[in-house]
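**Student:** Starting off with a structure, shown below.
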Amino acid sequence: MGSVPRCTLRLSALKARFFKPRLHPVGSASVYAVFVVATRFLSSSPPIYWFASYVLTSHKGWGYLIWGYSAAYILIGSLLFSNFYPFT
């Protein structure tokens, strides 16, 4: 009475063999897609640029750091984009 029918065991083994290899790609794609979308939303947010312009005009040390980061991002991003590498 406590035994499980063979067709149920065979079906569960088939499901495990079908779904198990697909769990990692689906999981990692959902994490990375969320990351890419979040960075795109953040890069289109005006307060970030307002704060950067305020720091550029008021604090010289931090202003040079932000300017250097922006220049490096533009140059490295242009090189990577033209060679079909992602840079976001």
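**Student:** Whole-Å semi-axes of segment 46-88's equivalent ellipsoid, largest first, each the root of 5 times a Cα gyration tensor eigenvalue? Can you show the working numbers first?
**Tutor:** On the way: eigenvalues 130, 26, 6 Å².
Gyration-tensor ellipsoid for segment 46-88: 25, 11, 5 Å.
**Student:** Same structure again: Between residue 74 and residue 24, what is the label-point separation in nm under the 7 Å Cα-to-beta-carbon projection?
**Tutor:** 4.2
Since every read-out is calculated from the coordinates, none of them should be taken as a lab result. Nothing here was measured: the structure is a model prediction, and the numbers come from that model. Cβ coordinates were reconstructed from backbone atoms using ideal geometry, including for glycine residues, and neighbour counts include every protein chain displayed.
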